[in-house]
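Everything on this sheet refers to the single structure shown next.
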Amino acid sequence: MKCQVCRGPAIIDVRRHNANFCSDHFLRLCRDQTAKSIKQFEMLEPGDRVLVAVSGGKDSLAVWDILLALGYEAEGFYLGLGIGDYSDTSSDHARRFAEERGLTLHTEDLLREYGFDVTHGSRAANRVPCSACGLSKRHLFDEAARRGGYDAVATGHNLDDEAAVLMGNVLHWQTEYLGRQLPVLEARNGFPKKIKPLVRLSERDTAAYCLIRGIDYLVDECPMAVGNKHLSYKAALNDIENDSPGAKHAFYFKFLAQAAERFRPDATGETVEISPCERCGAPSSNEICAFCALAERATAAVPIHMGATRSRRKRVNR
Ligand code: FES
Ligand code: ZN
Ligand code: ZN
C-alpha cells in the first residue's frame, strides 16, 4: 500500500477518497480538508480568534490542533458536567493537552458554579441527559465567547456526527432543525458565530489524526449517551458506507447543496423575536432563557451539600 502523494509506505486508507496516505500526507489531508471547509462555508477570516469547545475527546482536540496549525488564534473552553469519573477523566485530557502545548484553556463547572450537574438538570427538567447537557453547553459556550470577544465558537462535529443528525432529522422530518443544520451559523441577535470545521473528516480520520499527532484523547463515550438514537443512526450509516464508500459525504454535502436552503427559517416565513433573558441577559425567545429555567428547576432538586458555590447560583436565580 503506497501513499498516493509521495509513493512512500502508506499507513492508512481513506476509502471515500479511494486513496492511501503516509502519516505526513494524511495529516496534510486533514488540514487541507479543514481549510477547504473553512473557505467554502466562510467560517473564518485570517487572524480570527476562535474559542474551541473542548471535551477531551478526539474531535475537539483535533479541531483545536488543526486550527492552530492553520494559523488561527484558538483558545479552549472546557465545561465540567459532573458526570462522575467520565468528567474527571475528560477534564484531565483537556488540561493535559493545553498544558503540554502552552495553550489557554478556560474552564467552568456546572455544579461548582451553577449549583447543578447534568444528572440533576435532566431529571428536574424531565429531559434526557444529552438534552440538558447540550442546552447547558450551548448557553455557556455562547456566554464565554461573548465575554471573551471571540470571532467564533468552534466545535469538533465531524462528518459522522452531522450525517447521523441529518438522518434523525430526516426520519422525523424535523424541518426546524434541518434549517439550522449547517456547518456555520452566523452571529445574530447576540448569539456568536458557530462553526464546525471538521465536517469533511470522518470519526476514523480524527482518531487517526490524534494517534499520529500523539494527542492523548479520552476514548470512552459519555455513559449518559447509552441508548442515544444517534449511535444507532451512526451504526446504520457505517453499514451503508461500508458497501458504498462516500455515501455519508454525499448524504450530508448534497443536503447542504440541494436542500438545506429550503428549510431556512427565513425561507419558511418563521420569525422569532429575541430579547435579553431577564435573569442572565443572554439573548432568548422567552422572558427567561432555557438555561436559566433549567438551572432554576435543577438547583431546587440538588441536595444542599452538593451545590458548593452559591454566589454564581444566586446570580443565575436572582
Ligand atoms: Fe453531554 Fe454526555 S457529554 S450527556
Ligand atoms: Zn506520502
Ligand atoms: Zn438566562
Exercise. For Gly47, what is the net charge nearby, where nearby means another residue's Cβ is under 11 Å from its Cβ and Lys, Arg count +1, Asp, Glu -1?
Worked result: -3
For this session: Starting from the Cα gyration tensor of segment 205-247, take the square roots of the eigenvalues, sort them a ≥ b ≥ c, and report rounded, prolate or oblate (rounded when a/c is under 1.5, otherwise prolate if a/b is larger than b/c, else oblate).
Result: oblate
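Counting only protein heavy atoms and a 1.4 Å probe, tell me what percentage of segment 135-277's accessible area is made up of carbon and sulfur.
Taking all protein chains in place, segment 135-277 shows 53 percent carbon and sulfur surface.
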Exercise. Near Lys254, which aspartates and glutamates are there with a Cα under 20 Å away, not counting those fewer than 8 places off in the same chain?
Worked result: Glu42, Asp160, Asp161, Glu162, Glu176, Glu203, Asp239, Glu241, Asp243
Exercise. How would you classify segment 77-235 from its alpha-carbon gyration tensor, with a ≥ b ≥ c the square roots of the eigenvalues: rounded for a/c under 1.5, else prolate if a/b is greater than b/c, otherwise oblate?
Worked result: rounded
Exercise. Using the beta-carbon distance between Arg15 and Leu211 and R0 = 22 Å, what value does 1/(1 + (r/R0)^6) give for FRET efficiency, to the nearest 0.05?
Worked result: 0.75
Problem set entry | GluC sites (Glu not before Pro) within segment 125-212: DSSP coil, no more than 16 neighbouring Cβ in 10 Å | Glu186
Exercise. Once the other residues with Cβ under 11 Å from the Cβ of Lys58 are scored (Lys, Arg +1; Asp, Glu -1), what is the net sum?
Worked result: -3
Problem set entry | Under 16 Å from Lys137, Cα to Cα: lysines that are on another chain or at least 8 residues apart | Lys193, Lys194, Lys196
Problem set entry | Loop trypsin sites (Lys or Arg not before Pro), segment 1-89, which have at most 12 other Cβ atoms in a 10 Å radius of their Cβ (DSSP) | Arg7
Problem set entry | Surface accessible to a 1.4 Å probe, per residue, for the residues of the chain, Å² | 49
Problem set entry | Computed P(r) (all Cα pairs; the chain; 20 Å bins; percent) | 30, 60, 10, 0
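Only sites in a loop by DSSP and with at most 16 other Cβ atoms within 10 Å count here; which chymotrypsin sites (Phe, Trp or Tyr not before Pro) in segment 119-209 make the cut?
Trp173
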Problem set entry | Extension gain from Arg49 to Val128, taking 0.36 nm per residue of separation minus the Cα-Cα distance | 25.1 nm
Seminar exercise, completed: Farthest towards the positive end of the dipole of the chain, among Val170, Ile12, Thr206 and with Cβ unit charges of +1 on Lys and Arg and -1 on Asp and Glu, lies the Cα of Val170
Problem set entry | Total charge dipole magnitude, the chain, about the Cα centre, Cβ charges on Lys, Arg, Asp, Glu only, Debye to nearest 20 | 220
Exercise. Which one of Ile288, Ile240, Ile66 has the biggest mean-square fluctuation once the chain is modelled by GNM with Cα springs under 10 Å?
Worked result: Ile240
Exercise. Relative contact order for the chain: what is it in percent, counting Cα pairs under 8 Å that are at least 6 residues apart?
Worked result: 22
Problem set entry | Options Asn238, Leu27, Ser37, ranked by Cα towards positive dipole end of the chain, top entry (Cβ charges) | Ser37
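The values are calculated or read from the model by the stated rules, or taken from the named source; none is laboratory data. Predicted, not measured: the structure shown is a model, and the values here were computed from it. Methodologically, a virtual Cβ is constructed for each residue, glycine included, from the backbone with ideal geometry; neighbour enumeration extends over all protein chains shown. Heavy atoms of the whole protein, side chains included, go into the accessibility calculation; ligands, DNA and RNA do not. Shrake-Rupley method; radii C 1.70, N 1.55, O 1.52, S 1.80 Å.
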